Amino acid sequence: DLDPVQLASAYGLRTAALVHDLIPMKLAADYTPDTVAMYRRYYRQFASADVALATSHYVAGDLQNHLAGDGTPAPPGAAPPPPPAPPGRPRRRPTAPPLGPGEALRLVTVTSWEPRKNLMRLLEAVHDLSERGVALSLDLVGRQGSFPAYDREVLALAEAMPNVAVRGTLSDAQLAALYAGCHASVYPSLEEGFGLPIGESLWFGRPCLCHLGSAMAEVAPGGGTMLVDMADAAAIAAALRRLAREDGLLVTLAQQAVARDLRTWDDYAGEVLALLDMSR
């Protein structure tokens, strides 16, 4: 197979690898053997790069551990995390809509449908709260199709819940409008290399409930987020109940989300150029 790193080296070029995650290696049971073999060859190419730029320190560690397991040293690396800003969309720091007495807590989840995204536990938590009289609604946004059996399982449960709407994929403008109308987002994923929807939610001024592990434990702290064990449906339900019922919590988190300093793509480009210059 063509190795772009070796090809670049043959022409006397230096190479930098952008490493998003090593999920196909860490969760190999979710993928076909051919897919795992393809990704193993792909990650092995990174060992020959002059520098590896990871999306988080978590991913940088995963790359080092994976290549070490193959008996290959990892290239020098750094972790400039990507910004959450949707390209071309300025940050307006909107005020979150208030949650009135008896009003349903409006939630948004933006994610592809994959087993690691943990949608079944989120739906179980929403169903449990609804059965207990907590008013809330959930919009599920994101791509389906990579795991058909999982899609059917999630869809069957979602369609049985009148307060859950499946939106599929949306345009940037539609997604911005959905964020504008919600009170908070929930990102139930258990394994990420970064967790872009967390930052995206903060960019739109909405608090985000997310996992306390994986790369999310690195990128989420700093205001506007609640971290919870997303492997525990009861813990998810307890956190959502707090958002719906605890006086002042939603307002405080929304204020933190709006005030939080977030990097732009210009910031990221400057950081990457600086790192490449340092690696000469």
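Can you name the number of the only condition in (1) in a helix (DSSP H, G or I); (2) among the charged types (D, E, K, R); (3) more than 30 Å from Gly145 (Cα to Cα) that Asp62 fails?
(3)
Let's see how each residue does on (1) buried (at least 17 other Cβ atoms within 10 Å of the Cβ); (2) farther than 30 Å from Gln144 by Cβ:
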{"residue": "Tyr42", "(1), (2)": "no, no"}
{"residue": "Gly69", "(1), (2)": "no, yes"}
{"residue": "Ala85", "(1), (2)": "yes, no"}
{"residue": "Thr95", "(1), (2)": "no, yes"}
{"residue": "Pro101", "(1), (2)": "no, yes"}
{"residue": "Leu105", "(1), (2)": "yes, no"}
{"residue": "Leu129", "(1), (2)": "yes, no"}
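How about segment 26-54: which of its residues are under 21 Å from Pro76 (Cβ atoms) and in contact with an Asp or Glu (Cβ under 7 Å, 6 or more places away or on another chain)? Explain how you work it out, then say what you get.
The initial filter retains those residues of segment 26-54 that are under 21 Å from Pro76 (Cβ atoms), namely 42-54.
Across segment 26-54, the qualifying residues are Arg44, Gln45.
Being crowded, with 16+ Cβ neighbours inside 10 Å, farther than 20 Å from Ala78 by Cβ and not aliphatic (A, V, I, L, M) is the filter here; which residues of segment 1-25 pass it?
The first filter runs over segment 1-25 and keeps only residues crowded, with 16+ Cβ neighbours inside 10 Å, leaving 5, 8, 15-17, 19, 21-25.
Remaining after also requiring farther than 20 Å from Ala78 by Cβ: 23-25.
Pro24 - this is the single residue of segment 1-25 that is crowded, with 16+ Cβ neighbours inside 10 Å, farther than 20 Å from Ala78 by Cβ and not aliphatic (A, V, I, L, M).
Suppose the filter is crowded, with 16+ Cβ neighbours inside 10 Å and over 30 Å from His183 (Cβ atoms); does Ala37 pass it? Break it down stepwise before answering.
Values: crowded, with 16+ Cβ neighbours inside 10 Å: no; over 30 Å from His183 (Cβ atoms): yes.
Considered against the rule, which asks whether it is crowded, with 16+ Cβ neighbours inside 10 Å and over 30 Å from His183 (Cβ atoms), Ala37 comes out as no.
Checking the conditions here, which among His66, His20 is in contact with a Ser or Thr (Cβ under 8 Å, 6 or more places away or on another chain) and in contact (Cβ under 8 Å) with a residue 24 or more places away in the chain?
His20
What about Ser171, is it open to solvent by 20 Å² or more (accessible area, probe 1.4 Å) and either touching an Asp or Glu at 6+ places or on another chain (Cβ under 6 Å) or closer than 18 Å to His57 by Cα (or both)? Quick ask: steps written out before the conclusion?
On the way: open to solvent by 20 Å² or more (accessible area, probe 1.4 Å): yes; either touching an Asp or Glu at 6+ places or on another chain (Cβ under 6 Å) or closer than 18 Å to His57 by Cα (or both): no.
Judged against the criteria, Ser171 is not a match.
Every residue, every condition in (1) of a type in the set (Ser, Thr, Tyr); (2) assigned to a loop (DSSP other than H, G, I, E, B); (3) within 28 Å of His20 (Cβ to Cβ); (4) touching a residue at least 12 places away in the same chain (Cβ under 8 Å), yes or no:
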site: Ala237; (1), (2), (3), (4): no, no, no, yes
site: Leu240; (1), (2), (3), (4): no, no, no, yes
site: Leu250; (1), (2), (3), (4): no, no, no, yes
site: Ala254; (1), (2), (3), (4): no, no, no, yes
site: Ala257; (1), (2), (3), (4): no, no, yes, yes
site: Arg263; (1), (2), (3), (4): no, yes, yes, yes
site: Gly270; (1), (2), (3), (4): no, no, yes, no
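Test Leu209 against the stated conditions and say whether it is touching a residue at least 24 places away in the same chain (Cβ under 8 Å), buried (at least 24 other Cβ atoms within 10 Å of the Cβ) and in contact with a helix residue (DSSP H, G or I) (Cβ under 9 Å, 6 or more places away or on another chain).
Working: touching a residue at least 24 places away in the same chain (Cβ under 8 Å): yes; buried (at least 24 other Cβ atoms within 10 Å of the Cβ): yes; in contact with a helix residue (DSSP H, G or I) (Cβ under 9 Å, 6 or more places away or on another chain): yes.
Judged against the criteria, Leu209 is a match.
Could you check Leu105 against (1) more than 30 Å from Val258 (Cβ to Cβ); (2) touching a residue at least 60 places away in the same chain (Cβ under 8 Å) and say which number it fails?
Leu105 satisfies all of (1) more than 30 Å from Val258 (Cβ to Cβ); (2) touching a residue at least 60 places away in the same chain (Cβ under 8 Å) except (1).
Residues of segment 44-67 being surrounded by fewer than 21 Cβ atoms within 10 Å (Cβ to Cβ), within 13 Å of Asp3 (Cα to Cα) and not small (Gly, Ala, Ser), which ones?
Passing the criteria: Arg44, Gln45.
Yes/no matrix, rows are residues, columns are (1) over 20 Å from Pro188 (Cβ atoms); (2) in contact with a Gly (Cβ under 8 Å, 6 or more places away or on another chain):
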{"position": "Ala68", "(1), (2)": "yes, no"}
{"position": "Thr95", "(1), (2)": "yes, yes"}
{"position": "Glu103", "(1), (2)": "yes, no"}
{"position": "Glu114", "(1), (2)": "no, no"}
{"position": "Leu119", "(1), (2)": "no, no"}
{"position": "Val134", "(1), (2)": "no, no"}
{"position": "Leu140", "(1), (2)": "no, no"}
{"position": "Phe147", "(1), (2)": "no, no"}
{"position": "Tyr150", "(1), (2)": "no, no"}
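Give the residues of segment 192-221 that are within 8 Å of the chain's Cα centre (by Cα), of a type in the set (A, V, I, L, M) and farther than 25 Å from Ala173 by Cα, sorted by residue number.
Within segment 192-221, Met216 is the sole residue that qualifies.
Could you check segment 140-165 and list, in sequence order, the residues that are under 14 Å from Leu123 (Cα atoms), part of a loop (DSSP other than H, G, I, E, B) and open to solvent by less than 60 Å² (accessible area, probe 1.4 Å)?
Of everything in segment 140-165, those that are under 14 Å from Leu123 (Cα atoms), part of a loop (DSSP other than H, G, I, E, B) and open to solvent by less than 60 Å² (accessible area, probe 1.4 Å) turn out to be Met161, Asn163.
The values are calculated or read from the model by the stated rules, or taken from the named source; none is laboratory data. Every value quoted in this text rests on a predicted model; they were computed, and no experiment measured them. Backbone-built Cβ (ideal geometry, glycine too); neighbour counts: all protein chains shown. The area values use the complete protein model at the heavy-atom level, side chains included, leaving out ligands, DNA and RNA. Shrake-Rupley method; radii C 1.70, N 1.55, O 1.52, S 1.80 Å.
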